[in-house]
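Notes follow once the structure below has been shown.
Read-outs throughout are calculated quantities, based only on the coordinates presented, and are distinct from any laboratory measurement. In this text the structure is predicted, and so the values were computed from the model without any measurement. Here the Cβ is made from the backbone with ideal geometry for all residues, glycine too, and neighbour counts use every protein chain on show.
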Amino acid sequence: MSAPLDEQPPALQITRGTATEEELAALIAVVTDAYSHESEDAVAEEPHVSAWTRTQRSLRTPLRRDIPWGRFSG
């Protein structure tokens, strides 16, 4: 079983060139640090729901016009 998505390290793939071990270590350190700062700062705002919205009756979904009514479609 794999770890949850928030516990997995970001995947990194070098597709071109030849990097030394020091360059790869520096790249991984920078990307990991940027990723951790971004994930800490990422906050989803909760939508503001007014009292009117909470108490109003929800509207009926619109009728589908592509389905004929009963067996009569003419």
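When peptides 39-51, 21-33 are ranked by their average number of other Cβ atoms within 10 Å per residue, the highest-first order is 21-33, 39-51. Classify the stretch 19-74: rounded, prolate or oblate, from the alpha-carbon gyration tensor (a ≥ b ≥ c, eigenvalue square roots; a/c under 1.5 rounded; otherwise prolate if a/b is larger than b/c)? Oblate is the answer for the stretch 19-74, as a/c is 1.5 or above yet b/c matches or exceeds a/b.
Can you give the FRET efficiency for residue 20 and residue 43, using 1/(1 + (r/R0)^6), R0 = 25 Å, r = Cβ-Cβ distance, to the nearest 0.05?
The pair residue 20/residue 43 has a calculated efficiency of 0.10.
Coupling constants for the stretch 54-63 follow from the phi torsions by the Karplus curve (6.51 cos²θ - 1.76 cosθ + 1.60, θ = phi - 60°), and in residue order they are 5, 9, 6, 6, 5, 7, 6, 5, x, 5 Hz; glycine and proline get x.
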